[in-house]
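For reference, the structure is listed below as structure tokens.
The values are calculated or read from the model by the stated rules, or taken from the named source; none is laboratory data. All figures in this text were calculated on a predicted structure; none of them were measured in a lab. We place every Cβ from the backbone using ideal geometry, glycine too, and count neighbours over all the protein chains shown. We work out accessible area using only protein heavy atoms, side chains counted, and drop any ligands, DNA or RNA first. Shrake-Rupley method; radii C 1.70, N 1.55, O 1.52, S 1.80 Å.
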Amino acid sequence: TSCPILFQALVESTSTDHSLDHESGVRMVALFDHEEVGSDSAQGAGSPAMLDALTRITGCFNHSNSKLLEKAIQRSFLVSADMAHALHPNYMVIVVFLDQFMGSQVCSNILIENDLSFQEKHEENHQPKLHGGLVIKHNANQRYATNAVTAFIFREIAERHQLPIQDFVVRNDMACGSTIGPILASGVGIRTVDIGAPQLSMHSIREMCAVDDVNYSYEHLKAYFEEFTELDNKVKVDC
């Protein structure tokens, strides 16, 4: 889902003759293969492909500055756009329906217990919902590469355009999946935020996401391409 949205956002962010008049950076989309099997391949995020591409790009600007690549990486910003697990919206609705219209206390009790056990897999304030906008994903064990500064920048773009934004932190007593974000962040040294549109049934044959979130993703990523450079110049981090 993220791949065509990213391409559309990139194209639309450069669609006018003056789109790049005040742009000092290079807007870029990178797509990788084999993410679901570890990314350790010639086409995966664990390969030198990303660093090689950045090396060639910076080399086109200045052949004599041997430190230009390192400086460019430090000023760059990576959005690792995957997907995010949404909380299923129907559990409590089913419970209320059974209580009010079927009068089956036994069935209600069973569903209530299942619903609570399901919801307990999520932190109370970190339950991504369909139609709720892109999700910023955090993990203290670096299964996601988001940090406070990268999350702020991405959230600020949403607030500028009044786009919904959500946060997800996996419970610290549960296992957490990962993305190519930490692979590229550690391999290249680039600032990274891990994000994704919320979806149900991830990795199944019936993956499902909301139409609204597709549009939110496009609007958010298009604004990111257009406004990141200007916003980043205003962010001062106390080291």
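Among the residues of the stretch 42-70, just one is open to solvent by 50 Å² or more (accessible area, probe 1.4 Å) and in contact (Cβ under 8 Å) with a residue 60 or more places away in the chain, namely LEU51.
Just one of the listed residues (THR192, THR179) is touching a Pro at 6+ places or on another chain (Cβ under 8 Å) and among the β-branched types (Val, Ile, Thr), namely THR192.
The listed residues are SER39, SER13, SER2, and the only one of them that is in contact with a strand residue (DSSP E or B) (Cβ under 6 Å, 6 or more places away or on another chain), in contact (Cβ under 8 Å) with a residue 60 or more places away in the chain and open to solvent by less than 80 Å² (accessible area, probe 1.4 Å) turns out to be SER2. Within the stretch 126-147, how many residues are open to solvent by less than 90 Å² (accessible area, probe 1.4 Å), within 21 Å of ILE180 (Cβ to Cβ) and either of a type in the set (A, V, I, L, M) or outside any loop (DSSP other than H, G, I, E, B) (or both)? Of the residues in the stretch 126-147, 6 are open to solvent by less than 90 Å² (accessible area, probe 1.4 Å), within 21 Å of ILE180 (Cβ to Cβ) and either of a type in the set (A, V, I, L, M) or outside any loop (DSSP other than H, G, I, E, B) (or both). Residues of the stretch 71-111 that are surrounded by 11 or more Cβ atoms within 10 Å (Cβ to Cβ), out of contact with any helix residue (DSSP H, G or I) (no Cβ under 7 Å at 6 or more places or on another chain), modelled with pLDDT of 90 or more and in a helix (DSSP H, G or I): LYS71, ARG75. The residues of the stretch 205-229 include none that are open to solvent by less than 60 Å² (accessible area, probe 1.4 Å), part of a helix (DSSP H, G or I) and more than 21 Å from VAL193 (Cα to Cα). Of the residues making up the stretch 185-204, those that are more than 14 Å from VAL149 (Cβ to Cβ), modelled with pLDDT of 90 or more and out of contact with any Phe, Trp or Tyr (no Cβ under 8 Å at 6 or more places or on another chain) are SER186, GLY187, VAL188, GLY189, GLY196, PRO198, GLN199, LEU200.
Applying the condition of being open to solvent by less than 30 Å² (accessible area, probe 1.4 Å) and assigned to a loop (DSSP other than H, G, I, E, B) to the stretch 165-190 and asking which residue is farthest from LYS137 (Cα to Cα) yields ILE190. Counting only residues that are of a type in the set (A, V, I, L, M), surrounded by fewer than 23 Cβ atoms within 10 Å (Cβ to Cβ) and not in a loop (DSSP other than H, G, I, E, B), the stretch 191-204 holds 1 of them. Taking the condition over 17 Å from the mean Cα position of the chain (by Cα) and in contact (Cβ under 8 Å) with a residue 24 or more places away in the chain, does LEU231 pass? So LEU231 passes the test.
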